[in-house]
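Asks: Take a look at the following structure, please.
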């Protein structure tokens, strides 16, 4: 057995895979009714000892270690309930895209609704097999989750649609919009299917953010007395948070974030920049205190491993130190522009005034660049912190590739060579052994989806007059396909990751300069294809943990994607049409915010219309942005060399991509959650996990899902019932000390600042 075991060196989550002796009984040689492996609780480390602190150990205590292959999963109630909840969740998620801090209806809340409805269905409807096949089970529940998960997102192409409606002429019509959303969502699925042996099957591809879902699904669908108590515990947490969250959401929004410093001095701009953080792009949020889970949930403080979070917060500390210095020393004329902003600006040397860049003056009727007008108006400029965030993002893309090559290169190569042999010889971990009882999704299914997605995207690019040629569509998808493995692997191990949005913008800017709309389409294909591949792999892993047939998972993902695309479009069109003026405002208000379309539009103008050579080429102010792609390859090397030289000193826990995640927190976010989130992370992922392990396994992830679910429901209720999301009529709570809606910032930062 020791000869067959794989050793993983480097990344601390790269724990060894679990293999069994060749003479072990394979699951397909056992009776198919109930499959179980009694040795599943023992996790073997590199030295052959049981490792109680192993992340795989935690997974195996949460996931299903036995399987009843007779349980139905694709039932009428699962498909019908899943479809309804998919439509609802997609609508709410799209709505929350336009909120200052939007928390959509979480997948876990949707699971709770499904639990109640489907149990009532099983109890009260006639016992006809096609209508009511018996007790509601975990596999049906997981299928509902997969469908909802595929729909419960804002399709990245909605950024294109909202930006075109707000900033450009000739936006696409309803049919072109809906097919655009669907085409860009499905093409990544073809890639995910080909990467299963790297991102789904290996035990050390944990996908940490999936663990709360696995914990909840198992808890709700177990008949054991302890599981019943855990279900009650979940509802206690849910009810308590739902009642409480009404206070910070409506009555006392100051609980979302307040600073002692800003309360002490309401006239200091620098106090606002350093200590403010309740509003998007208000400030750095240093030591600000938040008691609103809507903000605190931003970092998944109860979910992601401690070592991941420490790296992220290390990046935030660097950001807290670096951003004020950049502004103070007027790097890139920082003081001429806002401290934090996602917009692009024009500085008038005559009037010494800064205004949002008038892009309509430099675009032709077909949305291409008018070079004559550009020379007259001038090129746009970034706020310095926005420009430096581009540098960090570009660092992160190539640093992620280098990190995967250094720490996982040998493992990936071994997986590529040996996966088939391990399956044939029965040398698999318990999850793969049990899943072998089901038919896999054939590779040609995924290839078909991939080819159909490419064809649809080429057709839509022409129908929507995007000015993106067919060969550029193929190039964007090819780039995303090639980089899907390294970048999604980072997410599979850490729960955090980076996309290719800036990299795709740069490539398109070089090959198709002067075409901002084409740049947005290219960017969406380059970024979203990779993102969707990761999301599908994550859902496949959840199905893997809970022993759902892969073909059932595939079906629910496709149905959820279709429904999600449709309802994303409906809500996006309604909000952009009704709230146009607020969304165009760089600041927005406490109810609506247009940061998402503003960001993609700013990038389209700078990377697409003007082009990377003019904006970031040699001799320009921001030339370091392009060099960052090259520099990023070398950033992980120092700590990798230190780890090789001093293997037991912890240098392998320094994860450069995660540090860059922290550095890229701003601009574009509220920051009031940072300090309290860090305290919660230490309490959950260090104290509870280390000293109260049994409680951590049983309840930690249930607490997280309960808080998320209750908060998302209350945010949804307040937005629709009280803040005009349904009828456009706002019903504000009266102004008082804890609800200063009349002030620029609710947390009293810069309340008395002079204009």
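Asks: I'd like the distance between the alpha-carbon centres of the stretch 293-326 and the stretch 56-88, rounded to an integer number of Å.
Replies: 33
Asks: Need one number: nm distance between label points at residue 743 and residue 444, each 7 Å from Cα along Cα→Cβ, rounded to one decimal.
Replies: With each label point 7 Å from Cα toward Cβ, the separation is 6.6 nm.
Asks: What length, rounded to one decimal in nm, is gained on full extension from residue 620 through to residue 414, with 0.36 nm per residue of separation minus their alpha-carbon distance?
Replies: The span from residue 620 to residue 414 would gain 69.7 nm if fully extended.
Asks: Indicate the gyration tensor shape class of the stretch 610-755 (rounded, prolate or oblate), computed on the Cα atoms with a ≥ b ≥ c the square roots of the eigenvalues: a/c under 1.5 is rounded; otherwise a/b larger than b/c is prolate and the rest oblate.
Replies: Details: a/c = 2.46, a/b = 1.22, b/c = 2.01.
In terms of gyration-tensor shape, oblate.
Asks: What does the highest-first list of 522-535, 695-708, 206-219 look like by mean Cβ count within 10 Å?
Replies: Values: 522-535: 27.8, 695-708: 21.4, 206-219: 23.1.
Descending mean neighbour count gives 522-535, 206-219, 695-708.
Asks: Within the stretch 110-139, list the residues whose amide N lies under 16 Å from a label point set 7 Å along Cα→Cβ of residue 76.
Replies: Within reach of a label on residue 76: 118-136.
Asks: Want the number for residue 69 to residue 585: 0.36 nm per residue separation, take away the alpha-carbon distance, what's left?
Replies: Between residue 69 and residue 585, full extension yields 180.2 nm more.
Asks: If you don't mind, there's one more thing I want to ask. Using 7 Å Cα-to-Cβ label points, what is the residue 264/residue 170 separation (nm, one decimal)?
Replies: Once both label points are built, they end up 5.8 nm from each other.
Asks: Can you give the FRET efficiency to the nearest 0.05 for residue 578 and residue 474, using r as the Cβ-Cβ distance and R₀ = 51 Å?
Replies: So, using R0 = 51 Å, E works out to roughly 0.85.
Asks: Percent of alpha carbon pairs in the stretch 492-638 separated by more than 21 Å?
Replies: Taking all Cα-Cα pairs of the stretch 492-638, the fraction more than 21 Å apart is 62 percent.
Asks: Taking the mean number of other Cβ atoms within 10 Å as a proxy for protection, how do you rank 82-95, 638-651 from highest to lowest? Each step should come with its number before you reach the end.
Replies: Values: 82-95: 24.1, 638-651: 13.5.
So the order, starting with the most tightly packed, is 82-95, 638-651.
Asks: Looking at (i) 26.8; (ii) 37.6; (iii) 34.2, which value of Kirkwood radius over Cα pairs in Å comes from a calculation on the structure shown?
Replies: Label (i) holds the value from this structure.
Asks: Still on this model: Grab the alpha carbons of the stretch 695-739, take their convex hull, and tell me the volume per residue in Å³. Don't skip to the end; give the middle numbers.
Replies: Working: hull volume 3.2 nm³, N = 45.
Given the Cα convex hull of the stretch 695-739, per-residue volume reads 70 Å³.
Asks: With a 10 Å radius around each residue's Cβ, average the other Cβ atoms per peptide and rank 153-161, 374-382, highest first. It would help to have the intermediate numbers written out before the result.
Replies: On the way: 153-161: 25.7, 374-382: 17.1.
Descending mean neighbour count gives 153-161, 374-382.
Asks: Now a separate question. Quick one: if you stick a label point 7 Å off each Cα along the C-beta vector at residue 692 and residue 131, how many nm between them?
Replies: Taking the two extended label points, one gets 4.8 nm.
Asks: Suppose the chain between residue 717 and residue 222 were pulled fully straight at 0.36 nm per residue; how much longer would it get relative to their current alpha carbon spacing?
Replies: Working: separation 495, 0.36 × 495 = 178.20 nm, distance 3.07 nm.
Once the chain is fully extended between residue 717 and residue 222, it gains 175.1 nm.
Asks: Still on this structure, I have one more. Rounded to the nearest 500, what is the chain's calculated 222 nm mean residue ellipticity when only DSSP H runs of at least 4 contribute -39500 (n - 2.57) each, over all residues?
Replies: Details: 29 runs with 414 residues, N = 755.
After summing the helix terms and dividing by the residues of the chain, the value is -18000 deg cm²/dmol.
Asks: Give me the three principal axis extents of the stretch 552-622 from the C-alpha atoms, as integers in angstrom, largest value leading.
Replies: 55, 34, 18
Asks: Using DSSP, restrict attention to beta bridges with both residues in the chain and report what percent are antiparallel, rounded to the nearest 5.
Replies: Roughly 100 percent of the DSSP beta bridges within the chain come out antiparallel.
Asks: In whole Å and largest first, what semi-axes does the C-alpha gyration tensor of the stretch 136-210 yield when each eigenvalue is scaled by 5 and square-rooted?
Replies: 32, 16, 11
The numbers here are math on the coordinates, done by the rules we state, and not lab data. Keep in mind that this is a model prediction, so the values were computed, not measured. Ideal geometry is used to build each Cβ from the backbone, glycine not excepted, and the neighbour counts take in all protein chains shown.
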